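A.B. asks: First, the structure itself, so that you have it in front of you.
The values are calculated or read from the model by the stated rules, or taken from the named source; none is laboratory data. Bear in mind that the values here come from a model prediction, so they are computed numbers and not experimental data. Note: ideal-geometry Cβ built from the backbone for every residue, glycine included; neighbour counts use all protein chains shown.
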Amino acid sequence: MGFFEAIWDVLSTETAYTAATRFAAVLVFAAVGEWVAERSGTLNISIEAMILTGAFAGAMGYHWTENALVGILMGMIAGLIVSLVQAQMSHRLTADQFVVGLTLNILFLGVTSFLYAEWKPSSKVVSKLEIPVLKEIPLIGEAFFGQPWPFLFLYLLVPFTWWLVYRTRWGLEVRAVGENPQAADVSGIDVNKRRRQSIYYAGLCSGMGGAYLLLGQVGRFDDGIVAGRGFIALVAVIFGGWTLRGTILGCLLFGSVLSFRLTLPGLGYQLNSELMSSLPFLVTIIAMTAFARRVRPPGSLARPFVRGLK
Amino acid sequence: MFSIFKIMSSMRRRSEIVFLYACSTFVALLLSAIIVEAVGANWTDVWNSLLDGSLRKPGRWGKTLGSAVPMAMVAVGTIISTKVGLINIGQEGQMLVGAAFAAYVGAHAPGSGPIVICLVIIGGFVGGAFWSGLAGALRYWRNVPEVLTTLLLVTVAANLVGYALKNTWLLLDPDAAFGNRALVSKQLDPDSRLPRVEIFGNNFSLSVILALLIIVLTTWVLSQTVIGFKLNVVGENRRVGQRFGISEVKQGLMAMCASGGFAGLAGAMMLASGDFAKYRLVTGFTVNLGWTGLLVALVAREKVMAIIPVALIFAGLRTGSSFLAATGVERRVTDVVQGLLVLALLVPPAILFIRDRRRALAQVESRT
């Protein structure tokens with residue numbers, strides 16, 4: 001069994017695509033929000049906490065109402081709460097954004113696992129929604145049009161985000177704030193306000209992603225549910241060179257790498273699971289090393305803005 | 001006249017700082033108490049069992065000291081790297097790699113007793129320094145942000161060590177492999193462990209004293225020697241460093257390696273002191289102590305001496321949490337308390353900074 005044969009086997013199996021998009025979906029939800037935040041100049045590492053809290057709130061919402069839509073809404077609200085703390089601390093009080101993000105990751109890991117042990121919400125994976133004609137497309141039909149129904153939100157979220165960032169005044173201001181906050185400030189944009197708002201957007205999206213992770217993929221909450229997906233989403237934005245197209249491609253790539261752990265043994269291939277789990281991270285580090293000079297990040301990424309300070 | 005005014009204002013400022021810190025700590029503790037009450041427990045019970053578990057019950061403060069050591073070592077490293085303006089947030093991984101190097105050295109090094117102990121400790125330092133050095137090298141060679149690489153390398157480290165623990169030629173104990181197939185490394189020989197000290201029924205390993213020495217030494221190096229001065233210059237203003245002929249790359253790499261090295265040292269100390277996992281390396285060996293150590297450094301804010309009380313408090317929360325079961329509160333509540341405390345302690349310096357900024361701006365505007 002050669003290497004190319006293995007690749008062909010994966011490429012010609014329908015379940016491989018389905019598993020890949022299932023893993024990628026969560027990443028896309030989170031990465032789209034993270035992309036907006038990074039375009040505004042925040043390297044938002046509390047995204048891990050946002051997904052986790054979103055997943056927990058999704059579980060609680062489903063537990064209380066048996067309604068997945070309520071779960072997703074609660075997930076979004078929970079993500080928003082985390083992003084509120086992050087935004088207020090880092091872009092109103094000018095505390096270091098990494099410090100705040102890291103603390104939030106640890107804090108909300110504690111909060112969710114504590115509340116989970118106290119409340120024990122029960123939940124399950126929601127039903128699939130299959131779109132009649134499109135689902136019949138060979139190979140990728142099931143992958144893109146036969147997923148649990150919250151997957152469809154992606155088809156709204158991605159174009160909406162594109163429109164928001166590239167076709168509205170708000171989006172222009174967000175991009176300006178990320179490129180050159182001093183200039184934006186002089187032209188009358190409230191820099192830190194735009195940055196806070198884009199973090200809220202990241203919170204909403206990742207909370208939704210968390211709820212999707214729970215209700216569309218895993219089914220049961222536990223505190224290791226996110227397992228670094230937030231960081232992978234963050235990395236996908238960088239890997240995609242801070243464009244929306246690249247970000248989504250990065251998510252699909254990393255999603256398929258993550259899914260190999262499930263699909264390859266099913267096809268009869270043995271592989272090193274440690275290597276597979278660290279592959280997204282290794283690929284990103286190598287990509288950053290190779291393309292670091294060619295891809296240009298937003299001009300003031302991860303630099304705080306205080307008026308009068310450069 | 002003027003000097004009195006100056007002293008007065010500096011006193012006012014100091015009392016303001018104290019007041020702000022007291023307020024924010026109070027709010028954090030209040031929130032924690034509310035959370036505890038919300039799940040139907042009594043916060044005085046929780047407080048008492050935390051004190052019992054970390055201090056009052058026999059043998060407990062020795063344990064608290066034991067888990068304060070790795071946190072303190074990680075924090076020392078973190079402070080060194082922030083001195084030059086680098087942000088290292090991958091201590092959890094550096095610690096694990098350090099512990100893995102130490103375990104390998106411990107299992108394979110020739111000789112006996114004290115020599116092996118020294119080699120184990122040095123091995124830990126080298127392992128951690130190697131792991132953070134990778135991030136440092138990428139930072140200066142290709143301008144890859146070190147925040148990201150250090151963070152990403154944490155997962156890679158966990159997987160790497162996981163792989164090593166599955167293979168006998170790396171770390172897996174050959175005896176354990178035949179037995180219950182537990183993924184553990186070879187136990188350190190009794191004569192190559194750090195000796196333990198016993199005082200008043202509490203015993204702790206020699207690593208506590210070693211850690212104290214390192215903290216004092218680091219304070220001295222950072223504040224009194226040319227090495228510390230150079231790091232400081234590069235961190236404050238690298239242009240000035242250039243004019244002085246201080247190489248930014250060299251200082252940065254050195255600080256990065258030292259910072260990972262101390263994290264690795266923490267891992268080696270955990271392995272050799274026996275407070276964790278009985279002198280063996282197991283999966284998930286670092287039990288989040290790397291992250292907690294990072295929080296300790298964040299709270300200590302560039303003051304090495306401040307690490308000691310902060311690490312003790314956080315270690316107390318950790319060891320105290322194992323006594324919480326009796327109160328009916330889930331032990332993870334201490335993570336919440338810890339996170340809230342850190343978050344609260346970030347607020348006062350930020351408020352002061354913003355206020356100073358506003359005042360300075362107002363002065364400039366009133367002059368024009």
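A.B. asks: Could you tell me whether any residue of segment B:84-101 is assigned to a helix (DSSP H, G or I) and at pLDDT below 90?
C.D. replies: Within segment B:84-101, none of the residues are assigned to a helix (DSSP H, G or I) and at pLDDT below 90.
A.B. asks: Please go through (1) touching a helix residue (DSSP H, G or I) at 6+ places or on another chain (Cβ under 7 Å); (2) small (Gly, Ala, Ser); (3) part of a helix (DSSP H, G or I) for residue A:299 and return the number of the only condition it doesn't satisfy.
C.D. replies: (3)
A.B. asks: Would you check which residues across segment A:256-293 are within 11 Å of another protein chain (Cβ to nearest Cβ), more than 21 Å from residue B:134 (Cα to Cα) and at pLDDT below 75 and list them?
C.D. replies: Of everything in segment A:256-293, nothing turns out to be within 11 Å of another protein chain (Cβ to nearest Cβ), more than 21 Å from residue B:134 (Cα to Cα) and at pLDDT below 75.
A.B. asks: Could you check segment B:135-147 and list, in sequence order, the residues that are closer than 16 Å to residue A:290 by Cα and within 7 Å of chain A (Cβ to nearest Cβ)?
C.D. replies: Correct list: B:138, B:142, B:143, B:144.
A.B. asks: Now for a different question. Would you say residue A:296 is of a type in the set (Lys, Arg), touching a residue at least 60 places away in the same chain (Cβ under 8 Å) and either touching a strand residue (DSSP E or B) at 6+ places or on another chain (Cβ under 9 Å) or within 13 Å of chain B (Cβ to nearest Cβ) (or both)?
C.D. replies: no
A.B. asks: What helices (runs of 4 or more DSSP H), lying completely within segment A:1-74, carry at least 1 residues that are at pLDDT 90 or above and closer than 22 Å to residue A:153 by Cα? Can you show your working first?
C.D. replies: On the way: elements: A:3-11, A:14-39, A:47-65.
Passing ranges, in order: A:14-39, A:47-65.
A.B. asks: For residue A:243, all conditions in the list (1) more than 15 Å from residue A:25 (Cα to Cα); (2) more than 14 Å from chain B (Cβ to nearest Cβ); (3) touching a residue at least 40 places away in the same chain (Cβ under 8 Å) hold save one; what is the number of the exception?
C.D. replies: (3)
A.B. asks: Of the residues that sit in segment A:103-132 and are under 21 Å from the mean Cα position of the chain (by Cα) and aliphatic (A, V, I, L, M), which one is farthest from the other protein chains (Cβ to nearest Cβ)?
C.D. replies: That would be A:126.
A.B. asks: Something else: Suppose we keep only residues that are touching a residue at least 40 places away in the same chain (Cβ under 8 Å) and either closer than 20 Å to residue B:154 by Cβ or small (Gly, Ala, Ser) (or both) within segment B:319-333. Which one would you say is surrounded by the most Cβ atoms within 10 Å (Cβ to Cβ)?
C.D. replies: Selected residue: B:320.
A.B. asks: Sticking with this structure for a sec: Inside segment B:79-89, can you point out the residues that are more than 11 Å from chain A (Cβ to nearest Cβ) and either under 12 Å from the mean Cα position of the chain (by Cα) or at negative phi (or both)?
C.D. replies: Scanning segment B:79-89 gives B:79, B:80, B:81, B:83, B:84, B:86.
A.B. asks: Out of segment A:228-261, which residues are crowded, with 18+ Cβ neighbours inside 10 Å and not in a helix (DSSP H, G or I)?
C.D. replies: A:228, A:240, A:242, listed by residue number.
Residue by residue, here is whether (1) within 14 Å of chain A (Cβ to nearest Cβ); (2) among the aliphatic types (A, V, I, L, M) holds:
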| position | (1), (2) |
| --- | --- |
| B:118 | no, no |
| B:122 | no, yes |
| B:125 | no, no |
| B:150 | yes, no |
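A.B. asks: With respect to residue B:361, determine if the residue is more than 30 Å from residue B:170 (Cα to Cα) and surrounded by fewer than 18 Cβ atoms within 10 Å (Cβ to Cβ).
C.D. replies: yes
A.B. asks: Please work out which residue is surrounded by the fewest Cβ atoms within 10 Å (Cβ to Cβ), limiting yourself to segment B:301-317 and to residues that are assigned to a helix (DSSP H, G or I) and within 12 Å of chain A (Cβ to nearest Cβ).
C.D. replies: Here the answer is B:317.
A.B. asks: When you scan segment B:214-300 for helices (runs of 4 or more DSSP H) that lie fully inside it, which ones turn up with 2 or more residues that are closer than 21 Å to residue B:311 by Cβ?
C.D. replies: Those helices (runs of 4 or more DSSP H) span B:248-273, B:289-300.
Quick grid of which residues meet (1) more than 21 Å from residue A:217 (Cβ to Cβ); (2) among the aromatic types (Phe, Trp, Tyr):
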residue: A:99; (1), (2): yes, no
residue: A:104; (1), (2): yes, no
residue: A:108; (1), (2): no, yes
residue: A:112; (1), (2): no, no
residue: A:123; (1), (2): no, no
residue: A:130; (1), (2): no, no
residue: A:136; (1), (2): yes, no
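A.B. asks: Right, another one. Go through segment B:287-315 and give me each residue that's touching a residue at least 40 places away in the same chain (Cβ under 8 Å) and at positive phi.
C.D. replies: B:288, B:301, B:302
A.B. asks: For segment A:88-102, give me each residue that is at the interface with chain B (Cβ under 7 Å from one of its Cβ atoms) and either over 19 Å from residue B:86 (Cβ atoms) or among the polar types (S, T, N, Q) (or both).
C.D. replies: Those that are at the interface with chain B (Cβ under 7 Å from one of its Cβ atoms) and either over 19 Å from residue B:86 (Cβ atoms) or among the polar types (S, T, N, Q) (or both): A:89, A:93, A:94.
A.B. asks: Now, a different point. Given the options B:233, B:184, name the one that is farther than 30 Å from residue B:250 by Cα, of a type in the set (Val, Ile, Thr), away from every other protein chain (no Cβ under 14 Å) and surrounded by 17 or more Cβ atoms within 10 Å (Cβ to Cβ).
C.D. replies: Numbers: B:233 fails: farther than 30 Å from residue B:250 by Cα.
Selected residue: B:184, the only one of B:233, B:184 that is farther than 30 Å from residue B:250 by Cα, of a type in the set (Val, Ile, Thr), away from every other protein chain (no Cβ under 14 Å) and surrounded by 17 or more Cβ atoms within 10 Å (Cβ to Cβ).
A.B. asks: Residue pairs, Cβ under 6 Å, 6 or more apart or interchain, first in segment A:137-164 and among the small types (Gly, Ala, Ser), second modelled with pLDDT of 80 or more and surrounded by 18 or more Cβ atoms within 10 Å (Cβ to Cβ). List them.
C.D. replies: Going by the 6 Å Cβ cut-off, the qualifying pairs are A:143/A:17; A:143/A:18; A:143/A:21.
A.B. asks: Let me ask something else about it. Among the listed residues B:336, B:282, identify the single one that is farther than 19 Å from residue A:112 by Cα and either surrounded by 14 or more Cβ atoms within 10 Å (Cβ to Cβ) or at pLDDT below 90 (or both).
C.D. replies: Checking each option against the conditions leaves just B:282.
A.B. asks: Okay, next question. So, in segment B:318-361, how many residues would count as being more than 23 Å from residue B:27 (Cα to Cα) and within 11 Å of chain A (Cβ to nearest Cβ)?
C.D. replies: So the answer is 6.
A.B. asks: For residues that are on the phi < 0 side of the Ramachandran plot and assigned to a loop (DSSP other than H, G, I, E, B), scanning just segment B:107-116, find the one that is nearest to the other protein chains (Cβ to nearest Cβ). If you could, list the steps in order and put the result at the bottom.
C.D. replies: Of the residues in segment B:107-116, the ones on the phi < 0 side of the Ramachandran plot are B:107-110, B:112, B:114-116.
Right, trim to assigned to a loop (DSSP other than H, G, I, E, B) and you get B:109-110, B:112.
Details: B:109: 26, B:110: 30, B:112: 34 Å.
My answer is B:109.
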